[in-house]
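A short reminder: the numbers here are calculations on the coordinates, not readings from a lab. No experiment lies behind these values; they were computed from the predicted model shown. Quick reminder, even Gly has a Cβ in these numbers, built from the backbone with ideal geometry, and neighbours come from all protein chains shown.
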Amino acid sequence: MNRYISAVVLALVALLAACTKPVEEILTLSRTEYTTSADEAKFSLNVTHSGDYTISIEDGASSWLSAVPNGAEKNMIVVTIKKNEDYNERSGRVAVKMGSLTEYISVKQAQRNAIVASQTEYEVGCEAEEIVVKLGSNVDYKMEIDGRWLALASTKAYQEQELVFSCAANMDAEPRVATIKFTSGNIQELVTVTQKGRIMQYVLSFVHENASMAAPIFSGSIVSGSILWGDGNESSYADGVSHDYVSAKEYKVKMTLQGGVDEQIVTFKDVVGIKEIDLTGM
């Protein structure tokens, strides 16, 4: 009888052992990848889990990537991504661990798009020359030049791109300005090039014996000038300027003018009383 009871007990124990299974570990995430722009971002995902889990940030991304559980049951994880101020794309992983299970959320953030010129203002002389614009960019860009006298001469492909622009000689007295605009979408970098005017000095002398004298008129581009009337008086040049003397006698007038290299045509309104005209300084 005792043997029978022992056999029954052993059979029951074996049956219970066969029916008892270990608790299955469950850990699943509703999303495992996320890609975003360079702007600050936040997203959430659902977590199905059978026990407590921990969250950690991998790949050295903890300075810009963070994740925390949300809700009393921790059935959701909220991931926060800081704005990317760097010119390179970056990526990181959020690791969710529970027991022997680990799930990952891979996060990829785009770079900060930029077009940056190392120098945005140039001033050049009136002679023809070249300037080098060092341009850093991580996007494809378009280039527009506002100024016929400025042109792209060549491109040197280094880590930082060098664009060589040729400036034509300025034959006018007035300075001129051209701009180079680099654009990519809503990103813009503007470079301004200012070229000095070509200033020549002209000297005109003449001798007269009038009591009143009107200065001749110049048809070219005259920027400034002065007139020595020959009696100790001086005045600035302007179209139509004249001078009255104390008496009519011989006076030598000297005009010193600054202007462009264009053709200068000198016109005297009246040559009465003029004895000599010296054009060698023109």
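Under the simplified labelling scheme, the Trp149-Lys82 pair shows an inter-label distance of 4.9 nm, with each label point 7 Å from Cα along Cα→Cβ.
Please report the relative contact order for the chain, taking Cα pairs under 8 Å with a sequence separation of at least 6, and give it as a percent rounded to a whole number.
Details: 623 pairs, mean separation 37.1, N = 282.
With pairs under 8 Å counted, the relative contact order is 13 percent.
Across the range 25-109, the convex hull enclosing all Cα atoms gives 78 Å³ per residue.
Dipole size in debye (nearest 20) for the range 203-264 around its Cα centre, Lys and Arg Cβ +1, Asp and Glu Cβ -1? Display every interim value, and only then the final one.
Working: 3 positive and 8 negative charges, 27 e Å.
Dipole magnitude for the range 203-264 comes out near 140 debye.
Taking the inverse of the mean 1/r over every pair of distinct Cα atoms in the range 115-195 gives a Kirkwood hydrodynamic radius of 13.0 Å.
Taking every pair of distinct Cα atoms and averaging 1/r, then inverting, what Kirkwood hydrodynamic radius in Å comes out for the range 206-281?
Numbers: mean 1/r = 0.0782 Å⁻¹.
When all Cα pairs of the range 206-281 are included, the Kirkwood radius is 12.8 Å.
Within straight-line reach of Lys83, meaning a Cα separation under 12 Å, sit the following aspartates and glutamates at least 8 residues removed in sequence or on another chain: Asp39, Glu40.
Sites count as exposed loop sites when they are GluC sites (Glu not before Pro), lie in a DSSP loop, and have at most 11 other Cβ atoms within 10 angstrom; the longest stretch of the chain without one is 86-262.
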